[in-house]
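Input: a single structure, listed below in C-alpha cells.
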Amino acid sequence: MLFLSLSRTVLFCTLGLCLYPVAHADRWCADNTSRDIVYRRLGTKTPYRHIQNKDVRNIATVDGCTLSKIWGLFRHGTRNPSESIINHMHGTLVGLQRDIVEHGRMCRDNIAQFEAWKPQVTVADAKLLVREGGTELFRLGERFRKRFAGQLPDRYDADRFYFKYTRTERAEYSARNFTLGLFAQEEPIDYPEPLDRDPVLRFYKGCDKWRNVVKENPYAYQEVDRFGSSSEMRHVVEKLSKRIGTFVSPEEIHAMYQTCAFETAWNERESSPWCLLFDKETLSVLEYSQDLKYYWVDGYGYELTYRQACAAFRDLFERFDSTTAPAFTFYFTHSGTLLKSLAFLGLYRDSEPLVAQHYRYKRKWRVSHIDAFASNLYFAMYRCPNGTQSVGLYHQERLTPIPGCPEGTMLCSYEHFKKLYDDRIEQCDFDTMCSAPIVPTSLKDEL
C-alpha cells in the first residue's frame with residue numbers, strides 16, 4: 001500500500017519515446033533507440049529511477065565498528081507541476097498541439113501521438129505527490145533497510161528514530177511512504193508538528209536577505225538570460241519552430257521541456273509526446289539553462305546561498321554529539337534544501353563558476369544527476385571498540401568522498417570531519433546573516 005492524499009494518480013498513455021532522426025524527406029522523425037538520453041537530462045524533474053543505486057552492498061564498513069547514528073535529508077518524490085506549468089499545459093500546449101497536428105514537420109507516427117495527447121492534471125492538483133513519487137520513497141526505504149541490514153532496529157521506537165517533514169503534502173506523504181518501506185509495515189510514528197518556515201528542513205524560507213538579494217533579484221539570473229540569447233539557444237528555437245510548424249518562444253519551449261519532464265517522471269511505462277521534439281543537443285542546451293539557474297540561485301553563485309545551510313548542519317552535529325537524542329534522524333524536504341546543502345559541503349564544485357559561454361565545458365554541477373526527484377543526502381556514523389568514530393557520506397545512495405577529508409578514503413574520522421565545519425557552525429548566527437539591510441542598497445551591490 002502506498003500513501004497518497006485523495007485521488008490524484010497521474011495516468012496517461014502514449015507510444016514509445018523518440019530521439020534520433022530518421023531520414024524521411026525534410027520531416028523530423030524520432031524513434032525510441034535511446035530513452036536514457038531524455039531521462040537523464042530533465043533537470044530537477046529527472047525521475048529518481050534513472051539515477052538510483054540498487055546495489056545495497058554499497059555501504060561503508062569498518063572492521064569491528066558498528067553503525068551508531070544516521071542523519072539524512074530526503075527530497076520529496078515525483079510530484080505534479082506548479083500552477084503556472086499546468087496553466088501552460090491547458091493553454092500554450094493545447095495551442096501548440098493544434099499547430100503540430102495541422103502544420104508540424106514531423107513523421108505521421110509522431111504526429112499521431114500528439115493527436116492523442118491531453119492535459120492530465122488541473123490546477124487543483126498542483127504540486128501534489130503522485131503515485132510514482134510514493135513508490136520512489138517506498139523503494140528507497142526498502143533499500144535503506146537492506147543496505148544497513150541488522151544495524152537498524154526492526155520496529156519503530158520514538159527513542160531511536162526521529163522523522164520530520166515540511167508543511168507540504170508532498171513531503172508528508174514522501175515520509176510516510178519511506179517509513180512504510182523501511183519498516184515493511186505501518187508504524188505509529190510520532191511526527192512532530194510541521195512548520196511553515198522550518199529552521200532546519202527549509203532554513204532559506206526564513207532568510208529574508210537571501211530572498212531579496214538572490215532569489216528575487218533579476219541580476220542573479222544574468223547568466224541564464226545571457227545563455228537564453230546565445231547562438232545555441234537560438235538554434236534550439238529555430239529547430240523546434242520548424243518541427244512544430246510555427247514560431248515558438250523560449251517560454252513556450254520551457255513549458256514543453258517541463259511537460260516532457262513531468263510526464264516522463266510520472267510513469268516509468270509511459271512517455272510524453274513532448275519529448276519527441278527534442279534531440280540530444282536540444283536537451284543538452286535546455287539542461288544547461290537549468291544548471292545555470294540552480295547554480296546561481298541555489299548553489300555556488302553567492303556565498304550567502306549556501307552559507308545559510310549552517311542551520312541544518314548545526315542540527316547534524318548537535319544530534320551526532322548528543323547522548324539523549326534519537327540516533328536515526330530522517331528529514332523530508334525540498335530541492336532548495338538539498339542543493340544548498342551540497343554546496344555547503346563543497347560537493348560538485350567546478351573549478352570555475354558556471355557562465356553562459358561555458359556550455360561546452362565539462363562540469364560537475366548537473367542538477368539532473370544531483371537533484372532529481374527523491375534525491376537524498378545522509379551521513380552514517382560508526383563507533384569503534386577503541387573509542388574512535390568515523391563518518392561516511394551517501395549521496396543518491398552512493399558512498400561519496402567528503403570534501404576536506406583525506407583523499408582516497410570513503411570514511412572520515414568524526415574528529416576531522418567536525419573540525420572542517422567548526423568555524424562555520426560556531427559563526428552560524430542565522431538571524432544576523434539573513435537580516436535584510438536597514439539602509440537600502442542596490443541589489444547588484446548587495447550581491
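The values are calculated or read from the model by the stated rules, or taken from the named source; none is laboratory data. A quick note: this is a predicted structure, and the numbers were derived from the prediction, not measured. Don't worry about glycine lacking a Cβ; one is built from the backbone with ideal geometry, like all the others, and counts go over all protein chains shown. Just the protein is used for accessible areas: all its heavy atoms, side chains included, with ligands, DNA and RNA removed. Shrake-Rupley method; radii C 1.70, N 1.55, O 1.52, S 1.80 Å.
Asp291 falls short on exactly one of the conditions (1) over 30 Å from Trp71 (Cβ atoms); (2) modelled with pLDDT of 95 or more; (3) among the charged types (D, E, K, R), and that condition is (1).
Candidates are the residues of segment 310-340 that are free of Cβ contacts under 8 Å to residues at least 12 places away in the same chain and of a type in the set (D, E, K, R); the one that is nearest to Gln389 (Cα to Cα) is Asp321. Looking only at segment 348-372, how many residues end up being farther than 16 Å from Leu286 by Cβ and open to solvent by 60 Å² or more (accessible area, probe 1.4 Å)? The qualifying residues number 9.
Here Cys384 fulfils each of the conditions (1) open to solvent by 70 Å² or more (accessible area, probe 1.4 Å); (2) of a type outside the set (S, T, N, Q); (3) over 26 Å from Phe332 (Cβ atoms); (4) in contact with a Cys (Cβ under 6 Å, 6 or more places away or on another chain) apart from (1).
Residue-wise test of (1) assigned to a helix (DSSP H, G or I); (2) modelled with pLDDT of 95 or more.
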residue	(1), (2)
Asp225	yes, yes
Met233	yes, yes
Val236	yes, yes
Leu240	yes, yes
Ala255	yes, yes
Gln258	yes, yes
Thr264	yes, no
Arg269	no, no
Cys275	yes, no
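Taking the conditions (1) more than 27 Å from Glu223 (Cα to Cα); (2) part of a loop (DSSP other than H, G, I, E, B); (3) in contact with a strand residue (DSSP E or B) (Cβ under 8 Å, 6 or more places away or on another chain) in turn, Pro385 satisfies each one other than (3). Look at (1) at pLDDT 95 or above; (2) open to solvent by 10 Å² or more (accessible area, probe 1.4 Å) and you find that Thr337 fails only one, number (2). Counting only residues that are touching a residue at least 40 places away in the same chain (Cβ under 8 Å), open to solvent by 50 Å² or more (accessible area, probe 1.4 Å) and among the acidic types (Asp, Glu), segment 87-139 holds 2 of them. Scanning segment 186-208 for residues that are within 16 Å of Leu73 (Cβ to Cβ) and outside any loop (DSSP other than H, G, I, E, B) turns up Phe203, Tyr204, Lys205. Among the residues of segment 165-179, write down those that are more than 13 Å from Thr78 (Cβ to Cβ), in contact with a helix residue (DSSP H, G or I) (Cβ under 9 Å, 6 or more places away or on another chain) and among the basic types (Lys, Arg). Hit for segment 165-179 is Arg176, nothing else. The single condition among (1) open to solvent by 30 Å² or more (accessible area, probe 1.4 Å); (2) modelled with pLDDT under 95 that Arg202 does not meet is (2). Considering (1) out of contact with any Phe, Trp or Tyr (no Cβ under 8 Å at 6 or more places or on another chain); (2) surrounded by fewer than 19 Cβ atoms within 10 Å (Cβ to Cβ), the lone condition that Ser230 does not fulfil carries the number (1). From the list Thr168, Thr259, exactly one residue is within 29 Å of Met433 (Cβ to Cβ) and among the hydroxyl-bearing types (Ser, Thr, Tyr). Which is it? Just one listed residue meets the conditions, Thr168. Taking the criterion of being among the charged types (D, E, K, R) and closer than 18 Å to Ala327 by Cα, the residues of segment 147-171 that qualify are Arg147, Asp154, Arg155, Asp157, Asp159, Arg160, Lys164. The selection criterion, being part of a helix (DSSP H, G or I), closer than 23 Å to Ile59 by Cα and open to solvent by 60 Å² or more (accessible area, probe 1.4 Å), does not hold for Arg145.
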